[in-house]
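*Asks:* Below you'll find the structure I mean.
The values are calculated or read from the model by the stated rules, or taken from the named source; none is laboratory data. All values reported here derive from a predicted model rather than from experimental measurement. Don't worry about glycine lacking a Cβ; one is built from the backbone with ideal geometry, like all the others, and counts go over all protein chains shown.
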Amino acid sequence: MISIQALLTENELADDFVASFRARRLAERFFYWFPLSVRAWLALCSDGAYRNFVRSRSLIAQSARDLARSAQPGPLEVLSLGSGQGDKDLLLLEALRENGSRVSYVPVDASLALLEMACGGAQRAGFPALGIKADFSRAEHLATLAADAESPPRLILLVGNTLGAFDPIAELRALRGLLRREDLLLVDGELYAGAQTVAGYDNALNRRFAWAPLAAVGIGEADGEIVFEDTADPRMPGLHPLSKHFLARRDVAALLGGESLALSAGERVAMNHSYKYDEATFLRLLEDAGLDVRWKARSDDQRFLMVLAAAA
């Protein structure tokens, strides 16, 4: 039996989607909510077209034993924020068990379907698992995830370039509040490479993933186009949000549960973004948030950085 606690209900997500669409914005969580989106995400990961999934997974596979030795043998809770289907996490759980840790797994995601996969995979491998359906970018949800005095040490995971889907400055400062002296944080990010970065997102499978939440409400490629934009964040040199939006070419309506949400020709719907970083900027973000780097590694193509950090 899969155990999942819901801080974020499906009804809340439905109301939030309607409100977001009316505000002409689709947040990150909606790209993993609809069944079509989940299928497109799994296809993107399995094909290898999404390089950040491949990079993150490969770094964990190569470094799992070294990372496991950073944790003391004994009880350990692995809290995975934005866990997705949990297959990267499972590589690390296995290495931690081999190193003598008695691991319990707590994946956190807004997608019920992906949480079911993460918990199911961990349980089949012999790990106790409790899924938490939540949006950890919400302060009240993050506060609920805080450990109590009786909780074992934690390894908190924020991998797969997940940090880049939010405001990395604010999110790292918020996450610092979760870390006790005995806890560790594993986090990663894509290193910026100009036009090559944008080109990495312009492929058929990634566009299918980007279209999925729109297709789920009846908006297709005949209705407009998705435009990728390479921008810079003025708050800090070396912060590069890659954003995208849907541009309607004709009047169209999104259909959700009997509601018709009109969109006029020429209107934009802002979609989720993905931050990229200069390496020095990524390390500065951690330092500014009160985190101390214990270990770091780059992917084989030198385009991805993974860091193990603790409270400074």
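Residues are listed down the side, and each one gets a yes or a no for (1) farther than 28 Å from Val18 by Cα; (2) crowded, with 16+ Cβ neighbours inside 10 Å; (3) modelled with pLDDT of 95 or more:
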site	(1), (2), (3)
Asp230	no, no, no
Arg235	yes, no, yes
Ala262	no, no, no
Ala289	yes, yes, yes
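*Asks:* Select from region 58-86 the residues that are without any contact (Cβ under 8 Å) to a residue 40 or more places away in the chain and surrounded by 17 or more Cβ atoms within 10 Å (Cβ to Cβ) and list them in ascending order.
*Replies:* Ala64, Ala68, Gly86
*Asks:* If you check every pair at least six apart or on different chains, which have Cβ atoms under 9 Å apart with a residue in region 145-166 that is surrounded by fewer than 17 Cβ atoms within 10 Å (Cβ to Cβ) first and a residue that is hydroxyl-bearing (Ser, Thr, Tyr) second?
*Replies:* Pro152/Ser104
*Asks:* Counting just the residues of region 237-260 that are of a type in the set (Gly, Ala, Ser) and closer than 19 Å to Ala23 by Cβ, which one comes out modelled with the lowest pLDDT? First the steps, then the outcome.
*Replies:* Within region 237-260, the subset of a type in the set (Gly, Ala, Ser) is 238, 243, 248, 253-254, 257-258, 260.
Retained after the next criterion (residues that are closer than 19 Å to Ala23 by Cβ): 243, 248, 253-254, 257, 260.
Details: Ser243: 92, Ala248: 97, Ala253: 93, Ala254: 91, Gly257: 76, Ser260: 89.
Within region 237-260, the match that is modelled with the lowest pLDDT is Gly257.
*Asks:* Is it the case that some residue within region 195-207 is crowded, with 18+ Cβ neighbours inside 10 Å and among the acidic types (Asp, Glu)?
*Replies:* No - not one qualifying residue is present in region 195-207.
*Asks:* Please determine, by comparing only the residues of region 24-57 that are among the aliphatic types (A, V, I, L, M) and in contact (Cβ under 8 Å) with a residue 60 or more places away in the chain, which one is surrounded by the most Cβ atoms within 10 Å (Cβ to Cβ). Don't jump to the end; show me each part of the working.
*Replies:* Pass one, region 24-57, residues among the aliphatic types (A, V, I, L, M): 26-27, 36, 38, 40, 42-44, 49, 54.
Within this subset, residues satisfying the condition of being in contact (Cβ under 8 Å) with a residue 60 or more places away in the chain are 26-27, 36, 38, 40, 43-44, 49.
On the way: Leu26: 22, Ala27: 20, Leu36: 17, Val38: 20, Ala40: 24, Ala43: 15, Leu44: 20, Ala49: 18.
Only one residue tops the list, namely Ala40.
*Asks:* Checking Val108 against (1) in contact with a Leu (Cβ under 9 Å, 6 or more places away or on another chain); (2) without any contact (Cβ under 8 Å) to a residue 12 or more places away in the chain; (3) among the β-branched types (Val, Ile, Thr), only one condition comes out false. Which one?
*Replies:* Answer for Val108: the failing condition is (2).
*Asks:* Give me a count of the residues in region 183-195 that are out of contact with any Gly (no Cβ under 9 Å at 6 or more places or on another chain) and in contact (Cβ under 8 Å) with a residue 40 or more places away in the chain. Show your work before the answer.
*Replies:* Here is the first cut: in region 183-195, the residues out of contact with any Gly (no Cβ under 9 Å at 6 or more places or on another chain) are 183-187, 191, 194-195.
Filter again for in contact (Cβ under 8 Å) with a residue 40 or more places away in the chain, leaving 183-187, 191.
Of the residues in region 183-195, 6 are out of contact with any Gly (no Cβ under 9 Å at 6 or more places or on another chain) and in contact (Cβ under 8 Å) with a residue 40 or more places away in the chain.
*Asks:* Would you confirm, using the coordinates I've provided, whether Ser70 is part of a loop (DSSP other than H, G, I, E, B), modelled with pLDDT of 90 or more, under 21 Å from Leu305 (Cβ atoms) and not basic (Lys, Arg)? Give the steps one after another, and end with the answer.
*Replies:* Values: part of a loop (DSSP other than H, G, I, E, B): yes; modelled with pLDDT of 90 or more: yes; under 21 Å from Leu305 (Cβ atoms): yes; not basic (Lys, Arg): yes.
Yes: the conditions hold for Ser70.
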